[in-house]
Amino acid sequence: MKPTSIIFIIVSVILACVGVLLCISANNMANEQGIGLFSQTGDADNNFFTTHEFDSSDLKKIVITAGDVDVNVYGGAAKDMIELVNFNAGTYDYTVSKSTLQLSDNQGIASLVDLDNFKINFNGFRDYLNYFKYRDKARTVNLYVTDAATVVNLIITSESGNITLNNLHLNKDTEGKCYCDYKIKVGSGNVTISHVNTESTMIIESSVDSKINVTGLQCNELQVNAVKGDLALRQIDFRHRLFVNIKSGNVDYDRTEDNFSELNVLLQAGNGLLRVYGNTVTSGKYTEDNIVTPIVGPEDTTHAAEGGEETTAAESGEKTDDSVPEPDTITIIVEDGNVAVY
């Protein structure tokens, strides 16, 4: 290495050290005088908040990807806003286009330097000092959306935090029906869903260990896939399909209906107890087939042709719709655990 390069490196290190010392000194002086050195605002518990407002009237997709972070999504808000609790500048990526909002956190001081995109998220040494000051505090994302939101896809992922959805009526039409697909993914965190309305699908996935509580959900289809954990369902109104598959855990399903009318049902509890409307099923498996899917084909559709002779649709050359709607179903499978439906 050339002597000039060595000198340059030494000078850079000295300047960096001086900068850190000056920031520490300024921070101490500011604290003594009750002056906030950093731009975030704090509460009584010394949590610091950063907020971003956005317009959801044309927004179609929201994607939040987080690590050890709790994510809360609240509907019925007065204005659209995302609130970041104890997130330091440079440790998250937040972008909003006309149709998509994306947020991803980058926990760690190394995230202040983005080598992949040749970008340095450096706003001064205060960022680094702020990072060390709040790096051990719990982080939370609070997303507030109005009832005018036109979001058709909401995707929330948290590796080890909790996810909460409350009072969501996204993409509502003039008749009051809502059309938004939800996909919730957690690792070891818990999921709480309450008072969500959609004519579309909600998918909940857990890859490690979770407690999942769903109350007051109206949807076309609900899917729950979990490796380990407990699932509680209350006040569920699904129009087409309920599918639950848990490797190890328990399912507690409180139905508002007192039977399985107009449903095809498969309930299965492996190595556990299966109870259906107060009755214990000793085999660990319970089925009901209340809907028989008819076999419909061109040969089944006949009509009288000219002259009084009956011909099939295929013979007459008419187009027919051979598709038959799938029956409405409940499928709950727990490989190792208990299932209770009542």
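The values are calculated or read from the model by the stated rules, or taken from the named source; none is laboratory data. Since we're looking at a predicted model, the values are computed, not measured. Here the Cβ is made from the backbone with ideal geometry for all residues, glycine too, and neighbour counts use every protein chain on show. Accessible surface areas use protein heavy atoms only, side chains included; no ligands, DNA or RNA. Shrake-Rupley method; radii C 1.70, N 1.55, O 1.52, S 1.80 Å.
Name the pairs whose Cβ atoms lie under 8 Å apart, with the first residue in region 223-242 and among the polar types (S, T, N, Q), the second at pLDDT below 95 and surrounded by fewer than 15 Cβ atoms within 10 Å (Cβ to Cβ), and 6 or more positions between them or separate chains?
Partner pairs satisfying both residue conditions: 235/256.
Filter region 60-74 down to residues that are closer than 12 Å to residue 97 by Cβ and crowded, with 24+ Cβ neighbours inside 10 Å, then give me how many there are.
To start, the set of residues in region 60-74 that are closer than 12 Å to residue 97 by Cβ comprises 60-63.
Okay, now just the ones that are also crowded, with 24+ Cβ neighbours inside 10 Å, so 62.
Counting residues in region 60-74 that are closer than 12 Å to residue 97 by Cβ and crowded, with 24+ Cβ neighbours inside 10 Å gives 1.
Please indicate, with yes or no, whether at least one residue in region 53-74 is at pLDDT 65 or above, among the acidic types (Asp, Glu) and outside any loop (DSSP other than H, G, I, E, B). Before the answer, list the steps.
If we filter region 53-74 for residues that are at pLDDT 65 or above, which is where we start, we get 53-74.
Applying the additional criterion that residues be among the acidic types (Asp, Glu) yields 53, 55, 58, 68, 70.
Imposing the further condition that a residue be outside any loop (DSSP other than H, G, I, E, B) reduces the set to 53, 70.
Yes, there is a match, as at least one residue in region 53-74 is at pLDDT 65 or above, among the acidic types (Asp, Glu) and outside any loop (DSSP other than H, G, I, E, B).
Return yes or no: is residue 24 open to solvent by 70 Å² or more (accessible area, probe 1.4 Å), at pLDDT below 65 and in a loop (DSSP other than H, G, I, E, B)?
In short, no.
Does any residue of region 102-124 turn out to be more than 15 Å from residue 196 (Cα to Cα), modelled with pLDDT of 95 or more, assigned to a loop (DSSP other than H, G, I, E, B) and open to solvent by 30 Å² or more (accessible area, probe 1.4 Å)?
no
Give just the number: which of (1) surrounded by 12 or more Cβ atoms within 10 Å (Cβ to Cβ); (2) under 18 Å from residue 241 (Cα atoms); (3) touching a His at 6+ places or on another chain (Cβ under 8 Å); (4) modelled with pLDDT under 95 does residue 328 not satisfy?
Residue 328 satisfies all of (1) surrounded by 12 or more Cβ atoms within 10 Å (Cβ to Cβ); (2) under 18 Å from residue 241 (Cα atoms); (3) touching a His at 6+ places or on another chain (Cβ under 8 Å); (4) modelled with pLDDT under 95 except (4).
Suppose we filter region 191-232 for residues that are farther than 23 Å from residue 147 by Cβ and not in a strand (DSSP E or B); how many remain?
Final tally of qualifying residues: 3.
Mind listing whichever residues of region 199-236 are within 20 Å of residue 76 (Cβ to Cβ) and over 14 Å from the mean Cα position of the chain (by Cα)?
199, 200, 215, 216, 217, 218, 219, 235 - these are the residues of region 199-236 that are within 20 Å of residue 76 (Cβ to Cβ) and over 14 Å from the mean Cα position of the chain (by Cα).
Looking at region 149-174, which of the residues that are open to solvent by less than 10 Å² (accessible area, probe 1.4 Å) and assigned to a loop (DSSP other than H, G, I, E, B) is nearest to residue 92 (Cα to Cα)?
This residue is 161.
With respect to residue 186, determine if the residue is closer than 24 Å to residue 104 by Cα and in contact (Cβ under 8 Å) with a residue 60 or more places away in the chain.
Answer is no for this residue.
Scan region 175-227 residue by residue and report those that are aromatic (Phe, Trp, Tyr) and open to solvent by 20 Å² or more (accessible area, probe 1.4 Å).
Matches in region 175-227: 179 only.
Name every residue in region 264-294 that is in a loop (DSSP other than H, G, I, E, B) and either at positive phi or in contact with a strand residue (DSSP E or B) (Cβ under 7 Å, 6 or more places away or on another chain) (or both), in order of residue number.
Correct list: 270, 271, 272, 273, 277, 278, 281, 284, 290, 291.
Being open to solvent by 30 Å² or more (accessible area, probe 1.4 Å), free of Cβ contacts under 8 Å to residues at least 40 places away in the same chain and polar (S, T, N, Q) is the requirement here; does residue 259 meet it?
Answer is yes for this residue.
Taking the condition at pLDDT 80 or above, within 27 Å of the chain's Cα centre (by Cα), more than 17 Å from residue 140 (Cα to Cα) and surrounded by 16 or more Cβ atoms within 10 Å (Cβ to Cβ), does residue 99 pass?
Against the criterion (at pLDDT 80 or above, within 27 Å of the chain's Cα centre (by Cα), more than 17 Å from residue 140 (Cα to Cα) and surrounded by 16 or more Cβ atoms within 10 Å (Cβ to Cβ)), residue 99 does not qualify.
Identify, from the list 264, 250, the residue that is open to solvent by 10 Å² or more (accessible area, probe 1.4 Å) and farther than 14 Å from residue 331 by Cβ. Lay out the reasoning, then the answer.
Working: 264 fails: farther than 14 Å from residue 331 by Cβ.
Of the residues listed, the single one that is open to solvent by 10 Å² or more (accessible area, probe 1.4 Å) and farther than 14 Å from residue 331 by Cβ is 250.
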